[in-house]
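Read the figures in this text as sums done on the coordinates, not as results from a lab. A quick note: this is a predicted structure, and the numbers were derived from the prediction, not measured. With ideal geometry, Cβ positions are generated from the backbone for all residues, glycine too; neighbour counts draw on all protein chains shown.
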Amino acid sequence: MPAHSAPRFSAIDMLRGFAMVWMTLFHFSFDLQHFGYLHANFYADPFWTIQRMAIVSLFVFCAGLGQAIGVQQDQSWGRFWKRWRQIALCALAVSVGSRFMFPNSFITFGILHGMALMLIVVRLLGGAGRGLWLLGAVALALPWVAAQLHAAWPDSLEFLNTRAFNWLGLISRKPITEDYAPLFPWLGVMCFGMATGQWVLQRHSAALERLGQTWSQSLAGAPLRGLALLGRWSLSYYMVHQPVLLGALALFGMLR
């Protein structure tokens with residue numbers, strides 16, 4: 001199916017939009033803490049660490065769903081690389097921006113960096129079919145295996161904790177950074193997302209399209225359509241929401 005005539009699945013856009021709203025609330029809370037309006041430990045308190053893990057999981061899973069749709073609709077590699085370049089440039093911008101704001105813990109391999117790498121891997125694995133479930137399980141298990149190996153050979157594997165290799169996720173200690181989304185285990189989540197997307201599209205494609213239409217036309221139609229719109233522009237929103245939140249809070253502090 002030509003890319004210009006390929007239908008969108010608004011139910012998936014809504015799911016991605018929900019992740020954006022949740023992320024915004026999380027980041028707003030983090031920013032309140034940064035400015036001293038909230039006292040919370042975002043690095044150790046399970047209330048915050050579990051939320052962060054859930055939000056990242058939802059983002060990465062939705063990216064896998066999106067790749068399943070792209071493969072089903074015969075998305076060209078040219079179109080893929082065009083979107084990939086946008087993500088990669090945004091990842092670079094995040095690194096540069098965070099270097100100024102958090103010089104001691106700036107982002108070297110956050111969620112956008114991880115997405116850029118994982119999207120290439122998953123796109124290449126698109127023909128694996130049911131094997132994606134196995135590959136996903138292996139990717140999820142690798143950090144646990146690495147932890148056992150680190151315990152047995154701490155000195156020999158110390159190089160995996162360095163910046164040159166910690167993007168793999170096969171570490172014994174988390175790097176000091178404001179965002180960290182390594183290849184493993186998150187590749188496993190994206191593989192599961194793509195495998196789920198392929199299963200749904202093969203068996204329930206029409207039902208998924210109807211689901212989005214039904215939700216949009218329900219009593220909660222306007223908010224759900226808003227979520228779908230936000231999901232379609234997720235990368236743009238991701239790049240502007242933190243500067244807006246931080247700027248608003250800084251202005252609030254100046255006017256107090």
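Odds and ends about this structure:
- Inside the range 34-52, residues that are hydrophobic (A, V, I, L, M, F, W, C) and either in contact with a Phe, Trp or Tyr (Cβ under 9 Å, 6 or more places away or on another chain) or surrounded by 13 or more Cβ atoms within 10 Å (Cβ to Cβ) (or both) make up a count of 5.
- Residues that are in contact with a Pro (Cβ under 9 Å, 6 or more places away or on another chain) and assigned to a helix (DSSP H, G or I) were ranked within the range 166-195; the one that is nearest to Asp155 (Cα to Cα) is Asn166.
- Extreme residue, nearest to the chain's Cα centre (by Cα), among residues of the range 114-156 that are part of a loop (DSSP other than H, G, I, E, B) and of a type in the set (A, V, I, L, M, F, W, C): Leu125
- Filter result (part of a loop (DSSP other than H, G, I, E, B) and crowded, with 19+ Cβ neighbours inside 10 Å) within the range 87-107: Phe106, Ile107
- None of Phe30, Phe59, Phe80, Phe47 is out of contact with any Ser or Thr (no Cβ under 6 Å at 6 or more places or on another chain), of a type outside the set (Gly, Ala, Ser), in a helix (DSSP H, G or I) and closer than 23 Å to Leu251 by Cα except Phe30.
- When the range 82-96 is filtered for residues that are free of Cβ contacts under 8 Å to residues at least 60 places away in the same chain and closer than 26 Å to Arg163 by Cα, the ones remaining, listed by number, are Trp84, Arg85, Ala88, Leu89, Ala91, Leu92, Ser95, Val96.
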